[in-house]
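The values are calculated or read from the model by the stated rules, or taken from the named source; none is laboratory data. Being a predicted model, the structure only gives us computed values, none of them experimental. Virtual Cβ from ideal backbone geometry, glycine too; neighbours counted across all protein chains shown.
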Amino acid sequence: MFHVLERGYGQQAMFTPASARWRAHRDRRKFDSMVAFGAVLPRLRRRVARDLRLPRGQDRVEFEQLTERRVLALAVRLLDLGFFRIGSEDYAERNDSYGLTTMLREHVSTEEYEVIFDFPAKSGQRRVQAIADSQAFSMLAALKRRRAAAEEDRGRAGRERQVKQAIKSVAAYLGNTPAVCRASYVDPRIIDRFHAGVTIAPTIGRVGPDLAKAKVRARVESAVLELLEDAGDGG
């Protein structure tokens, strides 16, 4: 049935009559199935609305409410309102075009109470789609908050590993255990400032790390004292 005749330049393909009949049959079945789908669509929309609905008086989706059922309901709502293609990872990788399930974070933004989708669609055509739906907006806002919180947790865990390594190095230098070093020799404000993204790295970048040089050591010590003073001032 899928016989292909190839002729002419560029291996141009021509479908046989058998193939054409199969495609017509497939298309007819596809369109016929829309009748059945249209009959159940109102019931599907009611179910989606019920799964997305929040308790009375609540307008913000909490993390624990991001259940599989609610997230799937969001996907169906977006497909219904935005007329998106579903998409697949393989197609996105091969064609650099996206559907609902393969969009990247940079493709989605929120503006007031609208969700804006701006992404390369089929054949690489840019598509911008705005959806003004309160339930979809609340769900997507919660998903973005959860992702940001998870990234912050991962970032803090990474920073804490760096702190432990630094404490271990200092402990070896002082001849103590890391536990004793952290408890008795490291000002906790140093660690707090590091987690806040404030360090003396700019000073070391300017003067170098060679503490055997008196001028370098003086500059580094001055930077540490300034950091501690800023921490004490809440800066």
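Search the stretch 148-169 for residues being within 26 Å of Asp187 (Cβ to Cβ) and among the hydrophobic types (A, V, I, L, M, F, W, C), and hand back the single one that is surrounded by the fewest Cβ atoms within 10 Å (Cβ to Cβ). Only one residue fits best here, namely Ala157.
For (1) farther than 30 Å from Ala149 by Cβ; (2) charged (D, E, K, R); (3) modelled with pLDDT under 85, each residue gets a yes or a no:
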site: Arg28; (1), (2), (3): yes, yes, yes
site: Phe37; (1), (2), (3): yes, no, no
site: Arg47; (1), (2), (3): no, yes, no
site: Leu81; (1), (2), (3): no, no, no
site: Leu100; (1), (2), (3): no, no, no
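Taking the stretch 127-159 as the search range and keeping residues that are of a type in the set (Asp, Glu) and free of Cβ contacts under 8 Å to residues at least 24 places away in the same chain, which one is nearest to Ala49 (Cα to Cα)? It comes out as Glu151. In the set (1) within 30 Å of Thr67 (Cβ to Cβ); (2) without any contact (Cβ under 8 Å) to a residue 12 or more places away in the chain, the condition left unmet by Asn176 is number (1). The criterion of being basic (Lys, Arg), under 30 Å from Ser109 (Cα atoms) and surrounded by 15 or more Cβ atoms within 10 Å (Cβ to Cβ) holds for Arg145.
Checking the condition at pLDDT 90 or above and of a type in the set (D, E, K, R), which residue from Arg105, Arg145, Arg126, Arg94 passes? None of the others qualify; the one that does is Arg126. A count restricted to the stretch 89-120 and to residues that are more than 19 Å from the chain's Cα centre (by Cα) and assigned to a loop (DSSP other than H, G, I, E, B) stands at 2. Checking each residue in the stretch 188-217 for being among the β-branched types (Val, Ile, Thr) and closer than 29 Å to Ala157 by Cα picks out Ile190, Ile191, Val198, Thr199, Ile200, Thr203, Ile204.
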